[in-house]
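Encoded as structure tokens, the structure appears first; notes follow it.
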Amino acid sequence: MAGFAVTDWYRSGGMNMVYGLLAGTDLPDGSDSIVVTYGPGTGHGYYTTAVRRAAQRIMYTVANSNAMNFFGEDTITYSYDPDWFAIRDGVIVAVSVVFVVSLALVCTTTLLVSVDKAKLRRKK
């Protein structure tokens, strides 16, 4: 089969996710704590193999879909930044400079005020 099988909501009726995956369902609609119960190292090798096979079929289908057409090792990708990115970056730099200058002025003013207060205390 080229592709993968997706179920409808599996919890309705008497459906069982484990049996569905073992029978060839690749993508069940819904979730369950089945992975913890039947995960690797629990002695359920058939289930682990079925999950790996399902993951392989899903990845194979996506890799060979129209989303990946003509994309290979020799594909050259180009990154394009709109013109407003340069304006945005300039504004960020300008705001950062204003912030740093303001911070320096506040720190200098605070330091000078505390030095003046210390001098006044010594004179008394």
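Values in this text are rule-based calculations from the coordinates and carry no lab data. What you are looking at is a predicted structure, and each value in this text was computed from that prediction instead of being measured. Here Cβ is always computed from backbone atoms with ideal geometry, including for glycine, and neighbour counts include all displayed protein chains.
Which order results if Ile92, Ile58, Ile76 are arranged by neighbouring Cβ count within 10 Å, fewest first? Mind showing how you got there, number by number?
On the way: Ile92 10, Ile58 16, Ile76 4.
Placing the least packed residue first, the sequence is Ile76, Ile92, Ile58.
Averaging 1/r over each pair of different alpha-carbon atoms in region 85-124 and inverting the result gives 12.2 Å, the Kirkwood hydrodynamic radius.
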